[in-house]
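Notes follow once the structure below has been shown.
The values are calculated or read from the model by the stated rules, or taken from the named source; none is laboratory data. Predicted model only: the values in this text are computed from it and were never measured. Backbone-built Cβ (ideal geometry, glycine too); neighbour counts: all protein chains shown.
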Amino acid sequence: MPKMILKNRKYASPQAVYTQLLKCWSTWTKLLIPVTIFTNLLVEISSRKTNIPDDKSSVTSFSIISDMLQEQLRAMIEEPVQPNEPKPFQLTKKLYRACMNKTLIENEGLDTIHDILRELGGWPVLEGIKWSEADFDWRKSVYRFRRVGYSVDYFIDFSVGVDVKNSTKRIIDLDQASLGLRREFLTKGFEDKIVSAYYSYMVDMAVLFGADRDRAARELRDSLEFEMQLANISLPSEKRRNATALYNPMTMDELQAKFPSIPWMEYMNNLLTPDTSVTHDETVVVSVPSYIRDFESLISRTPKRIQANYVMWRAAASSVSYLTEKLRKRQLDYTTVVTGRTEREARWKECIDISAGSLSIASGALYVRKYFNEDARQNAKGMVADIREEFQDILKKVEWMDEETKQNALDKAKSMATHISLSR
């Protein structure tokens with residue numbers, strides 16, 4: 001069996017050795033060296049003492065690879081904008097530059113975010129007595145969020161993904177709400193250290209946005225209690241491991257009959273416009289039917305001001321990374337309590353995450369054009385083919401499957417599409 005000798009093992013840093021191993025990876029695959037050798041070396045290196053930087057909560061092989069990728073993305077996105085470049089490429093680079101322009105962000109202050117919050121319906125804790133509940137409806141707030149570009153998952157999670165029972169199709173999925181703090185913490189109540197830190201963060205941020213502190217403390221406590229109730233009607237993570245239990249397909253008509261208080265056709269089509277629309281026979285997967293049922297009851301008895309404070313807080317909180325250093329400093333103080341991280345990432349890293357994450361297809365295409373390696377792609381394709389072949393051999397030998405199930409599994413394995421990099 002081939003051997004690899006790491007010279008000066010005593011003095012090499014884990015990061016340096018990781019880098020060398022990753023550089024060797026494409027050569028090793030050409031030599032058909034077993035993956036276990038590579039894996040065992042990574043595990044051995046991981047066990048050594050590693051200093052965790054102040055801007056990270058952990059260091060893993062994946063975070064090291066991610067750091068290398070960020071450096072590549074930075075070099076690519078910081079290149080000058082070319083007038084003949086496709087518009088998505090220009091937008092990616094311009095978004096990065098706007099994020100890096102701290103002077104302009106500080107000069108702008110909170111004027112733009114205040115305008116956005118008013119466009120979304122207004123944050124009651126800021127508006128005070130001027131805010132009117134007659135103008136608020138939770139569904140219409142979701143529609144506004146969709147038009148402006150914010151998440152639509154704060155009441156009910158909405159997504160379109162691959163049908164787990166038929167990977168050739170895509171299907172609408174409804175799930176429990178995306179929460180501002182993990183369910184495991186929220187269900188513990190205000191006495192929990194993390195929940196208390198979250199509440200203090202909410203109040204302080206509202207004050208920085210311009211709210212009266214007493215009003216913020218009172219009203220945001222109510223909105224946090226509402227978020228806790230959303231957590232209480234959600235399934236814990238340990239009960240979400242059974243994919244079959246989370247697969248509950250029903251047509252739009254069946255969905256409407258089962259949960260009648262929500263006009264589902266209107267709701268879906270407002271979130272899907274302008275790209276597509278659904279009809280009455282469209283199939284939807286409801287991951288947690290009990291959540292939708294309990295949500296109908298909860299939302300009907302919750303005052304609109306509380307609903308609005310909750311959802312507008314979520315919008316404000318998701319915007320902080322783009323705003324002034326004063327708000328970002330308070331965000332870091334909260335993050336330190338939750339994760340132990342005492343410093344923010346370098347500004348350029350945050351801006352790379354924002355630009356590449358917001359325009360992922362464009363940044364991916366740029367990356368392929370600059371760093372594409374056909375040999376590495378062919379090596380990866382060969383590795384995937386070997387894994388697929390081995391998996392099929394394992395399926396043929398398993399004893400706990402009946403023949404029909406085994407054949408279905410083999411058919412699915414054969415039909416899986418492989419997507420590795422992109423062509424030029």
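Worth pointing out:
- Given (1) buried (at least 18 other Cβ atoms within 10 Å of the Cβ); (2) in contact with a strand residue (DSSP E or B) (Cβ under 6 Å, 6 or more places away or on another chain), index of the condition Phe158 fails: (2)
- Test: residue in the stretch 235-245 that is surrounded by 17 or more Cβ atoms within 10 Å (Cβ to Cβ) and either touching a helix residue (DSSP H, G or I) at 6+ places or on another chain (Cβ under 9 Å) or touching a residue at least 12 places away in the same chain (Cβ under 8 Å) (or both): no
- Here Ala346 passes the criteria (1) at pLDDT below 95; (2) surrounded by fewer than 17 Cβ atoms within 10 Å (Cβ to Cβ); (3) in contact with a Phe, Trp or Tyr (Cβ under 9 Å, 6 or more places away or on another chain) except the one numbered (3).
- Flag for Ser178 being small (Gly, Ala, Ser), over 20 Å from Gly128 (Cβ atoms) and either touching a Pro at 6+ places or on another chain (Cβ under 7 Å) or assigned to a helix (DSSP H, G or I) (or both): no
- The criterion of at least 3 residues that are touching a strand residue (DSSP E or B) at 6+ places or on another chain (Cβ under 9 Å), closer than 30 Å to Lys169 by Cα and free of Cβ contacts under 8 Å to residues at least 40 places away in the same chain is met by none of the helices (runs of 4 or more DSSP H) wholly inside the stretch 258-345.
- Filtering the stretch 145-159 to residues that are more than 20 Å from Ser261 (Cβ to Cβ) and either free of Cβ contacts under 8 Å to residues at least 60 places away in the same chain or over 22 Å from the mean Cα position of the chain (by Cα) (or both) leaves Arg147, Val148, Gly149, Ser159.
- Phe185 falls short on exactly one of the conditions (1) more than 21 Å from Ser237 (Cα to Cα); (2) in a helix (DSSP H, G or I); (3) aromatic (Phe, Trp, Tyr), and that condition is (1).
- Answer from Leu69, Leu110 - the residue that is among the aliphatic types (A, V, I, L, M), closer than 26 Å to Leu332 by Cα and modelled with pLDDT of 95 or more: Leu110
- Scan the stretch 130-147 for residues that are at pLDDT 95 or above, part of a helix (DSSP H, G or I) and not charged (D, E, K, R) and the total you get is 5.
- Residues that are surrounded by 11 or more Cβ atoms within 10 Å (Cβ to Cβ), part of a helix (DSSP H, G or I) and among the hydrophobic types (A, V, I, L, M, F, W, C) do occur in the stretch 399-409, at least one of them.
- Failed item in (1) under 30 Å from Asp135 (Cβ atoms); (2) at pLDDT 95 or above, with Tyr322 passing the rest: (2)
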